[in-house]
Amino acid sequence: MTVRVRLAPSPTGTLHLGTARTALFNWLFAKKEGGTFLLRIEDTDTERSKEEYIKNIYDGLKWLGINWDEHPIIQSERVNEHKKIIKTLIEKGFAYRCYVSESELDEMRETQKRNGLAPKYDNRHRNLTPEEESEFINAGREPVIRFKISDQELISWNDLIRGQMTWSGKDLGGDMVIARRAPANSIGDPLYNLVVVADDSVMKISHVIRGEDHLANTAKQILLYKALDLKVPVFAHTPLILNSEGKKLSKRDGVTSISEFKKMGYTSEAMANYMTLLGWSVPEGINERFKISEISEIFSFKKVNKSSAKFDWDKLNWLNSQVIHEMSDETILENLDPLFKENGWSLPSKEWGIHLVHLIGPSMIVINDGVEQAKPFFEEPELNNDGKYQLEINESKEILKFILEKLENLDAALFSKEEALDLINQAITNCQVKKGLVMKSIRAALFGTLSGPDLIQSWILLSRFCKDRPRISRFI
Ligand code: GLU
């Protein structure tokens, strides 16, 4: 079978982690099978769909390395085709106009609730006579169009992830609305289940891979395929992504969209790697740190879990730090430099930048950590309590005074490790103090704190940026 899969995002928000993970599973499956991965923008909700979200979805997928094969299909451009299909369904007796008003529907649901029943349309307008219809029209009522779903129907499919699935027609909420309210002589806006079937079939989609929140939709869509005499695709329903409390990951969990992860400093490689692990178990002998292009050959739905996947920040952080550690200093600098510029910081030279990255890189978990860590090299830091305490010690002032005097005879731009060590040793002898006190005094004066990366290297960087002498002179 020629494999053709698709991602069908609704541009009513930014690219969500769950949608991106669905995209990834589709993409991996297409690569594995030598198939085609397509994109369809489901923008029929004209009020909530936005051009900026379409761009965010395209950008997010590209950033993750998920490329699509053909020009994306824009669902709203096919509305006339969708309406034609609805017309056919009416003509063949599979669908009908339903004039029940919203208040009547509310009343119906209230009664059902009172009787402990699940809300369900009771199909009361399924068999209206032409006279009854005329009465409703004359009373100014506008109908929706409903597709008939028989309570007796049993819908089955063999899900690539969940195995044999069976759904009963009686659990699908009664006859399903496939077009919004509109005057009876027209067809209103076609709705999700109908348009998905129409588009998947026209796009010759062989496998529909999407979240398990669509299981009931799949049952309804299979009925539509059958009514329209169309080939039913193979289905695979991926597990949901839950937060640490076991609830569906939502906006309330803070970051959920790919662009937000990017903004926080996660790399595309770690994100794609991590998202693949959300639901897919790595076969034995394969490391969990991989590039998606490397694992497409071994990807299979057999290893996708039925149970939900828990979002695990620790694992994502671990993967991201792995990716950063594998990067060259130059690449890390390329990622950091735009963020430095946003803060108004410019590098004295590229070589200096690489030296800085070499120093702070090992402790970076996300790219943005580099900004926090680089800050004291660009901006004069405030003294924290430890730093203040250190600089109040008399010997500290004496040490700094001695060092500053000596620095005046040294070239700031060429300041070296040997010179720094020599200065420290001289201060120990001259001021009759321990090495620790000298080191702490220098660090407190230069960085306002007693912790940080290697002091000698940090000092060399500050000196080459001509920032060490002014900082020391503040405290003597
Ligand atoms: N637009 C739907 C969604 O974003 C697509 C579901 C599907 O793949 O059929 O959930």
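Might you let me know whether segment 98-112 holds any residue that is part of a loop (DSSP other than H, G, I, E, B), under 17 Å from Ser186 (Cβ atoms) and not basic (Lys, Arg)?
Within segment 98-112, the first condition is being part of a loop (DSSP other than H, G, I, E, B), and the residues that meet it are 99-101.
This time we only want the ones that are under 17 Å from Ser186 (Cβ atoms), so: 99.
Narrowing the set further to residues that are not basic (Lys, Arg) leaves 99.
Yes - at least one qualifying residue is present in segment 98-112.
Any residue at all in segment 418-430 that's more than 48 Å from the chain's Cα centre (by Cα), among the hydroxyl-bearing types (Ser, Thr, Tyr) and exposed (fewer than 12 other Cβ atoms within 10 Å of the Cβ)?
Among the residues of segment 418-430, at least one is more than 48 Å from the chain's Cα centre (by Cα), among the hydroxyl-bearing types (Ser, Thr, Tyr) and exposed (fewer than 12 other Cβ atoms within 10 Å of the Cβ), which makes the answer yes.
Among the residues of segment 25-55, which ones are away from the ligand (no atom under 11 Å from the Cβ) and hydroxyl-bearing (Ser, Thr, Tyr)?
Residues satisfying the conditions are Thr36, Thr46, Tyr53.
Right, Thr22: within 14 Å of the ligand (Cβ to nearest atom), surrounded by 18 or more Cβ atoms within 10 Å (Cβ to Cβ) and assigned to a loop (DSSP other than H, G, I, E, B) or not?
Numbers: within 14 Å of the ligand (Cβ to nearest atom): yes; surrounded by 18 or more Cβ atoms within 10 Å (Cβ to Cβ): yes; assigned to a loop (DSSP other than H, G, I, E, B): no.
Answer is no for this residue.
Exactly one condition in (1) part of a helix (DSSP H, G or I); (2) within 15 Å of the ligand (Cβ to nearest atom); (3) in contact (Cβ under 8 Å) with a residue 40 or more places away in the chain is not met by Asp59; state its number.
With respect to (1) part of a helix (DSSP H, G or I); (2) within 15 Å of the ligand (Cβ to nearest atom); (3) in contact (Cβ under 8 Å) with a residue 40 or more places away in the chain, Asp59 is out only on (2).
Pull up segment 1-19, narrow it to residues that are within 10 Å of the ligand (Cβ to nearest atom) and among the polar types (S, T, N, Q), then point me to the one that is nearest to the chain's Cα centre (by Cα).
Checking each candidate, the answer is Thr19.
Would you check if Gly140 is away from the ligand (no atom under 16 Å from the Cβ) and without any contact (Cβ under 8 Å) to a residue 40 or more places away in the chain?
On the way: away from the ligand (no atom under 16 Å from the Cβ): yes; without any contact (Cβ under 8 Å) to a residue 40 or more places away in the chain: yes.
Here the answer is yes, as Gly140 does meet what is asked.
Listed here are the residues, each with its yes/no results for (1) touching a strand residue (DSSP E or B) at 6+ places or on another chain (Cβ under 9 Å); (2) closer than 14 Å to Phe25 by Cα; (3) among the polar types (S, T, N, Q).
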position	(1), (2), (3)
Leu215	yes, no, no
Leu230	no, no, no
Ser250	no, no, yes
Asn273	no, yes, yes
Ser281	yes, yes, yes
Phe290	no, no, no
Lys302	no, yes, no
Lys310	yes, no, no
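Applying the selection to segment 228-247, what residues are more than 12 Å from Ser201 (Cβ to Cβ) and either hydrophobic (A, V, I, L, M, F, W, C) or over 27 Å from the mean Cα position of the chain (by Cα) (or both)?
Passing the criteria: Val234, Phe235, Ala236, Leu240, Ile241, Leu242.
For segment 159-175, which residues satisfy the criterion of being on the phi < 0 side of the Ramachandran plot, in contact with a strand residue (DSSP E or B) (Cβ under 9 Å, 6 or more places away or on another chain) and either exposed (fewer than 15 other Cβ atoms within 10 Å of the Cβ) or not aromatic (Phe, Trp, Tyr) (or both)?
Step one: list which residues in segment 159-175 are on the phi < 0 side of the Ramachandran plot, which gives 159-162, 164-172, 175.
Next, only the ones that are in contact with a strand residue (DSSP E or B) (Cβ under 9 Å, 6 or more places away or on another chain) stay: 159-162, 164-169, 172, 175.
Of everything in segment 159-175, those that are on the phi < 0 side of the Ramachandran plot, in contact with a strand residue (DSSP E or B) (Cβ under 9 Å, 6 or more places away or on another chain) and either exposed (fewer than 15 other Cβ atoms within 10 Å of the Cβ) or not aromatic (Phe, Trp, Tyr) (or both) turn out to be Asp159, Leu160, Ile161, Arg162, Gln164, Met165, Thr166, Ser168, Gly169, Leu172, Asp175.
Report yes if some residue within segment 123-130 is within 16 Å of the ligand (Cβ to nearest atom), hydrophobic (A, V, I, L, M, F, W, C) and not in a helix (DSSP H, G or I); otherwise report no.
Within segment 123-130, the subset within 16 Å of the ligand (Cβ to nearest atom) is none.
No - not one qualifying residue is present in segment 123-130.
What number goes with the only condition from (1) within 16 Å of the ligand (Cβ to nearest atom); (2) touching a residue at least 40 places away in the same chain (Cβ under 8 Å); (3) of a type in the set (Phe, Trp, Tyr) that Phe94 does not pass?
Of (1) within 16 Å of the ligand (Cβ to nearest atom); (2) touching a residue at least 40 places away in the same chain (Cβ under 8 Å); (3) of a type in the set (Phe, Trp, Tyr), only one is false for Phe94: (1).
Bear in mind these aren't lab numbers, they're just calculated from the coordinates by the rules spelled out. Please read these numbers as outputs of a predicted model, since none were measured by experiment. Heads up, the Cβs are rebuilt from the backbone with ideal geometry, glycines too, and the neighbour counts pull from every protein chain shown.
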